[in-house]
Amino acid sequence: MTRKIDQRLKLTLRQLEVFAAVARGGTTRAAADEISRSQSAASNALGELESVLGAQLFDRVGKKLVINGNGRALLPRAAALIEQAVDTETLFKAAHAAPLRLASSYTIGEYMLPELIVAWKVEHPRSHVLLDIVNTHDVFERLASFRADIGFIEGMHSHPELSVRKWSSDEIVVVAAAGHPMAGRRIGARQLNQASWVLREPGSGTREASDRWLIPHLSRMEVELELGSNEAVKRVVRAGLGLGCLSRLAVQEAIAEGWLVELDTTLPPMHRTLSIVLHRAKKLGGAAEDFLRHCGGD
């Protein structure tokens, strides 16, 4: 007599949704708040999932739930199933379709993606786009935790769970206020050594590129200010506090308007790679695939 195998599904999307939310928030309370459920419901769903799988998905460290190896193995599958379920639910409700989630470092997010998104919206007027502009480390964190579909960074950094591929290129330039004494002259390393600098904060893609360019050629750098955005650097440089070192993308409008000038230096040109970041284990939804092609990154 052939024994019949019970093929009824024991996993539920609700359990997977709670699991993914706990992985992001670190507690069942944070997960419950994120998905609008009670904490007890979230705790029960997580307990049921671990019971069905016969494995713990988190290590309990004090009040925190830290995802373990089992959880990391499940997370890409859970994220894909949840996204497919959302796509299915919104199939006949296009006006409320799932958002396209982008994470970008500052220069790309502030000076490249807005025009790309506007052009995308013309062709996809019902598409909802969420753009999170953060530093490179946080772009990686959002992709690794499945909180973003596509990432954009300056440089070619690596991450074991993510693929980073060349997308475009950019140039770093030195700028000054329009009335700065160095404006309109060819400036060598000796004059640059004597200057004060206003730079992006350590950890930003622009600061990393600036350091790689300037430090080998200058014997000293007096950094007057380190600021967390391109716009802040531009405004302080405009006020005459020092020289700035930014992407040409970030300063081209200010130069055209005449309140910043690009300095002509004897330093060799500094070009850097702009990259697209994707999760190796995540299958992109239709909107993300289309946007990738729209950006020329397919």
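The values are calculated or read from the model by the stated rules, or taken from the named source; none is laboratory data. Quick caveat: nothing in here was measured; it's all calculated off a predicted structure. Reconstructed Cβ throughout: ideal geometry from the backbone, glycine too, with neighbour counts over all protein chains shown.
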*Among the listed residues Arg220, Arg238, which satisfies the condition of being surrounded by fewer than 21 Cβ atoms within 10 Å (Cβ to Cβ) and modelled with pLDDT of 95 or more?*
Arg238
_Residues of segment 37-82 that turn out to be among the hydrophobic types (A, V, I, L, M, F, W, C), assigned to a loop (DSSP other than H, G, I, E, B) and under 30 Å from the mean Cα position of the chain (by Cα), as a count_ = 1
*Residue count for segment 30-52, restricted to those that are in contact with a Lys or Arg (Cβ under 7 Å, 6 or more places away or on another chain) and polar (S, T, N, Q)*: 1
*Is there a residue being in contact with a Leu (Cβ under 6 Å, 6 or more places away or on another chain), assigned to a helix (DSSP H, G or I) and at pLDDT 95 or above anywhere in segment 253-273?*
yes
*All positions within segment 155-185 that are among the aliphatic types (A, V, I, L, M), closer than 16 Å to Ala103 by Cα and in contact with a helix residue (DSSP H, G or I) (Cβ under 8 Å, 6 or more places away or on another chain)*: Leu162
*When segment 121-153 is examined, which residues are found to be of a type outside the set (A, V, I, L, M), more than 30 Å from Asn68 (Cβ to Cβ) and under 10 Å from the mean Cα position of the chain (by Cα)?*
Phe152
*What residue, of Arg248, Arg280, Arg272, Arg235, is free of Cβ contacts under 8 Å to residues at least 12 places away in the same chain and of a type outside the set (Phe, Trp, Tyr)?*
Arg235
*asked:* When the residues of segment 244-283 are narrowed to those that are closer than 28 Å to His157 by Cα and surrounded by fewer than 14 Cβ atoms within 10 Å (Cβ to Cβ), which ends up farthest from the chain's Cα centre (by Cα)?
replied: Pro268
*asked:* Can you confirm whether Ala176 is at pLDDT 95 or above and more than 30 Å from Arg72 (Cα to Cα)?
replied: yes
*Restricting segment 105-120 to residues that are aliphatic (A, V, I, L, M) and free of Cβ contacts under 8 Å to residues at least 24 places away in the same chain, the residue that is farthest from Gly71 (Cα to Cα)*: Val118
*Return the residue satisfying two criteria in turn: it lies in segment 234-251 and is in contact with an Asp or Glu (Cβ under 9 Å, 6 or more places away or on another chain) and part of a helix (DSSP H, G or I), and of such residues it is farthest from Ile150 (Cα to Cα).*
Val236
*asked:* Suppose we filter segment 139-154 for residues that are small (Gly, Ala, Ser), crowded, with 18+ Cβ neighbours inside 10 Å and part of a loop (DSSP other than H, G, I, E, B); how many remain?
replied: 1
*Only residues that are within 14 Å of the chain's Cα centre (by Cα) and part of a helix (DSSP H, G or I): list them for segment 102-120, please.*
Tyr106, Thr107, Ile108, Gly109, Glu110, Leu113
*asked:* Need the failing condition index for Leu225 against (1) in a strand (DSSP E or B); (2) touching a residue at least 60 places away in the same chain (Cβ under 8 Å), just the number.
replied: (2)
